[in-house]
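Everything below concerns the one structure shown next.
The values are calculated or read from the model by the stated rules, or taken from the named source; none is laboratory data. None of the values given here were measured: they were computed from a predicted structure. Using ideal geometry, Cβ is built from the backbone for each residue, glycine included, and neighbour counts are taken over all protein chains shown.
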Amino acid sequence: MRGRKTIDSWIRDTLTDSDKDGSCTMISLVHMIGTQQKEIHSTKFSGGKTWTEQELASMFRGKAEAYSQDLPGIQTFQLLGFYGGRNIPEAYQPFTCTPNNEPGGLGTESPTDTGRTQQMMRQWDSLFSQVFRRQQTLDEYSNRIISQQADTITKLAHENRDMFGIFKEMLMEKALNDHTRKMEQLNFERSTIERKKWISFMPALVNTVLGREVFPQGLADTALVESIADSISEEDIMKLASVVKPELMGPLAARMHQHLLKKSEEEKAIKMLSATRVIDPEADAAGELPSGNH
């Protein structure tokens, strides 16, 4: 579908129309009153001034608006193109002008039914023009509000997406750091217990290898008893009590009990110590660690 033809494009086509006999020699502006024409202005092209189609369109449009500014209702004008110096127009282009319809125009309605009809038409024209202008203003304002809200929603959606991404990364990093600290704590506890166990075996091992009592026999016996206590379960102790004489099982059970209590306290101390050894570098740098934990 072709767009609306403007006055300047019509003038350009009229001046360059090769289908006409001769070149365009004049363009006239007439006011249409029913089927009657009233000439408003004519421009002849006689080789003097050179016009552009934009200049001619602006000039004819201005003269039409100036002529109809105080006339009631919508006014119809027509551009006529003349060729080869002939007096009969061969190109036509009608267009309309809508005056401001301000009070005090050139309305001369007679005091008759016809005059009243003309006056009502002029008033309706003025009323509808005002309604349309108001609606246009409201539509433009609504469109601006909708556009601003759409921009705001889009901006907030982008900000929320970015914040969610940052928050997700922080949670993942925190989970990884927690896991790392937990593994370091477990490794420290395991290595401490293993180290203590190997140290407890040392007196008996040294005495056996060297064939003489380097460490007191009591230390070796204690390490042996503690090793047995660590390696057997409560069920095994009950079985052992059924085959060992009561006078021997009593002191043995007492020493195992003392060892297990001591071991429980040592494990608690190791857990507390391991918790303080896993130091957060940022907290350490900020001086937030308790004194004595370095």
Which residues, taken from the range 7-45, are surrounded by 14 or more Cβ atoms within 10 Å (Cβ to Cβ) and among the hydrophobic types (A, V, I, L, M, F, W, C)? I7, W10, I11, L15, C24, M26, I27, L29, V30, M32, I40, F45
Selection from the range 121-169 of residues hydroxyl-bearing (S, T, Y) and within 30 Å of G73 (Cα to Cα) yields S126, S129, T137, Y141, S142
Considering only residues of the range 46-81 that are in contact with a helix residue (DSSP H, G or I) (Cβ under 9 Å, 6 or more places away or on another chain) and in a strand (DSSP E or B), which is surrounded by the fewest Cβ atoms within 10 Å (Cβ to Cβ)? Q75
Could you say whether any residue in the range 82-92 is loosely packed, with under 10 Cβ neighbours inside 10 Å and among the hydrophobic types (A, V, I, L, M, F, W, C)? yes
Looking only at the range 98-108, decide whether some residue is of a type outside the set (G, A, S) and touching a strand residue (DSSP E or B) at 6+ places or on another chain (Cβ under 9 Å). yes
Tally up the residues in the range 53-101 that are modelled with pLDDT of 90 or more, of a type in the set (S, T, N, Q) and more than 20 Å from G34 (Cα to Cα), please. 3
Residue within the range 172-179 that is part of a helix (DSSP H, G or I) and closer than 26 Å to E265 by Cα present: yes
